[in-house]
1. For the stretch 687-774, give the magnitude of the charge dipole about the Cα centre (Cβ charges: +1 Lys/Arg, -1 Asp/Glu; no others), in debye to the nearest 20.
2. Please list, in chain and number order, the residues 5+ apart from Ala748 or on another chain whose amide H is under 5 Å from its amide H, with Hs placed from the backbone.
3. Enumerate the calculated ³J(HN,Hα) couplings along the stretch 568-585 in order (Karplus 6.51 cos²θ - 1.76 cosθ + 1.60, θ = phi - 60°), each rounded to whole Hz, writing x wherever the residue is Gly or Pro.
4. Which value, in Å², gives the accessible area per residue of the stretch 141-283 when a 1.4 Å probe is used on the protein heavy atoms?
5. Among Tyr255, Leu199, Asn281, which residue has its Cα positioned farthest towards the positive end of the charge dipole of the stretch 179-305, with +1 placed on the Cβ of Lys and Arg, -1 on the Cβ of Asp and Glu, and the dipole taken about the Cα centre?
6. Taking the full set of protein chains and a 1.4 angstrom probe, give the accessible area of His266 in square angstrom, rounded to the nearest 10.
7. Ordered by residue, what ³J(HN,Hα) values in Hz, to whole numbers, does the stretch 716-721 give under the Karplus form 6.51 cos²θ - 1.76 cosθ + 1.60, where θ = phi - 60° and Gly and Pro are x?
8. Quick query: amide H of Arg336 versus all other amide H atoms, modeled in the peptide plane; which residues come in under 5 Å with a sequence gap of 5 or more or a different chain?
Amino acid sequence: QACRSEGGGRSVDGGGAPGMARKDCPCFALQHDELASLLWSRHINSTCATDIAASGGPESSRPEAAPSREEHLDVSDDLGGCCGAGGGWSASMGSKEFQARKRQILTSLDRSPKGSIDAPIVEFMGWLNEQPNVVTTSSCSGRISIFLGSSDPSDSKGGEWLIVSHETLPDASAAWSKLQQDLAARDPASLMGTLVTFLLEPFVLHAECADTETAQKILAIARETGFRESGISLGKRRVMVQVRTMALRLEAPLYIDGKALTSEDHFGALLALANTRLIENERRINRLWDRLRDGLALAQADEEDDEEPWVLACPQTLARGVKLAVEARGWMDTSRKMLPISGGASGHAAEEEEQPQEGPPRIGVPLTAAGAAAMQAEAVAWAAEPESGGAVSSSSPPTPSVHESAKCKKAKKEAEVADLAALWRMGDILELLRSTALPGKARPAQHGASSEGSAGDVLSSICRAVSEAHGLLKPQEAQELPLHPLLAELQTMNRLQWRGDVALLPRGSLCSELWDRLAHAVQKPSGGLWEAVRVSLGARLLARQKEILVDSEVRSGAVEVVAGSGSGWVVVPGPKNVRYALDVTRCMFSEGNAAEKARVAEWQVQGETILDMYTGIGFWTLPLLAAGASRVVACEWNPNAVEALRRGLHLLGPEAEARCEVFAGDNRRPEVRAASAGQCHRVMLGLIPDSRDGFPNAVAALRAEGGTLHVHWNVRSDEEEATARAVADELQAMFRRDRGSSWCCEVAAVQRIKWFAPRVRHVRIDVRCTPAPA
């Protein structure tokens, strides 16, 4: 860190040499490894045990040993003083090397004992890993836990988690009872020498960066958003940034040698404090994500200079194999479609689109900027390698040559991964260019390895998993459970749906006697049939949809989890930066309402007060707040949906959250009317099959000047207009009864939302309600 201006000596005594020119710095001649070694010696001698534990503890399932030099060298402040003020120290990994490491890391996520990224930060981590110069290596969203370990501080091995939750634990009595029952079931002798500890561990993130500039930007944002103990670690060939804070951490002993050190009341107070800190932890995570979105986006925009996106053009007959190869390397830009593109293959890295040329049709495969850079870097090595004679890799019999493959008029049923190096060396097969010809996808990508592919890709993944599971049967079992009818049923199965990182099988699918028998026959160590399907899809949970009872008072989630572990909480993207949070096992979510949510988000509602009488998880409330509504009164009586709504409000941000007033419980009670009567520009009546129960409060809610009621209704497809008029007439009679004889109600519009059943539509009827002029 320090440089002495007199004598030319080198020092690591903590002093500095501000103003010293880089070329005059005695440290300048040091190789990076030597400088890192000096800094490591200084660091390891001055770092206390708590700092080392803080660097790895929260996201680990066991106490960490002291880190190696490459794993933990916190030089975030050390580097600033080296080589003079403002000179800094810069390190970066070659684009090719970093992208290779990133692919390796992402293909092995998640190697923790839990087996998946924590649900509250799944979307955050997914977004962060889409950034070209960063990849996450470990993370924890923050958790409340109770740990049983040794009371001997020198014995840090082993131990057992008795309670772990990444969400708040509202029921202190239940948690205390569970803890006592767990300990009471153990042999008292086995508890001698043990310590039971209550822990609140805040968010922690370790990420590898392609260069120190990216790491320093993340570090600065992390510290600004409350993660003040964050730092940068510099290894021989790696730049790591750690985001963490100790300010929210809480630790207290509960039992020693099996004897209680506290009471249930004290435990309840501890848990209440931990819940408060976990909520603050979530707010800090959201602030961090918001700031990173702005900071990294600006940096990426500066680097790209508003240039057109990258496309890899190839012959149509090879497009499938090239796409698989690009996906395998992590270069695929999943936000754009893969479509035919005009232009010839005149060069490997054209900076502009070529003029349309005659010849076979060519397909454009969308690449990320990082993928294009990595491909350009690898192309140098490809050009130097001798030809291997094949352009496709496969375990099947020998494949045709590149030219033979290109001349094929019929694509193979199962495409093989193309050998990009061999194709590139041909000189006229692949072309890397910039183009705006590929449009963006209409729907955001969901989580899961197979969710970004086509329906055929997903079906192929499931078929392979089922076939492999069937292959584990004994010969007699395989004869009694033929594979053909199972695969035939898969071919007729409706489309798989995703909720965040949870894959949902269609209602009533794959549940016949044959499937039950196969699932029962295929047991550990394979993990079971449904576990194999889950893994093939890249999903955290695999569930099957069940019938939602429309007539039930509380419409809870209707899914059956068949594989995976962890809670059902997911985050699903919505319009205008809205993110819906929900527990899929407890709350319903309709994909058919996506277009309607987008329409609502575009309404001109600035300055308006709106009553949402059937809020659910925030289907309409969140888009209305995103559109700029001044105040939304949200009513919901399903407690699980209320919790999801509050989480969605947190994700939307504190400013929007402050504009929403949530009423949990019956929307017909006096408190709701007092908070809304005569104040609203609009009222959302989003309950189906009809919203008639909400009419009295809706009539009372509109301002004296009038407003609009958005009434959701299930109607026969040939009765839409008649039903809309009948709804308007019913509301007009109620207005004249309750608000005065001058009120008039007219149908302003009827918006079709989705088919609810054969010949039955879910529609929104907009009724304009105004008092006649005096």
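The values are calculated or read from the model by the stated rules, or taken from the named source; none is laboratory data. Note that the coordinates shown come from a computational prediction; the quantities given were computed from them, not determined experimentally. Note that each Cβ is placed from the backbone with ideal geometry, even for glycine, and that neighbours are counted across all protein chains shown. The area values use the complete protein model at the heavy-atom level, side chains included, leaving out ligands, DNA and RNA. Shrake-Rupley method; radii C 1.70, N 1.55, O 1.52, S 1.80 Å.
1. Numbers: 13 positive and 12 negative charges, 33 e Å.
Around 160 debye, computed over the stretch 687-774.
2. It is Asp766, Val767, Arg768, by chain and number.
3. Working through the residues one at a time gives x, 6, 9, 10, 10, x, x, x, 6, 6, 6, 10, 8, 9, 7, 9, 4, 7 Hz.
4. Details: 6230 Å² over 143 residues.
Accessible area per residue: 44 Å².
5. Positive-end residue among those listed: Tyr255.
6. Surface open to solvent at His266 totals about 90 Å².
7. Working through the residues one at a time gives 5, 4, 9, 10, 5, 5 Hz.
8. Amide H to amide H, under 5 Å and 5 or more residues apart or across chains, Arg336 pairs with Lys441.
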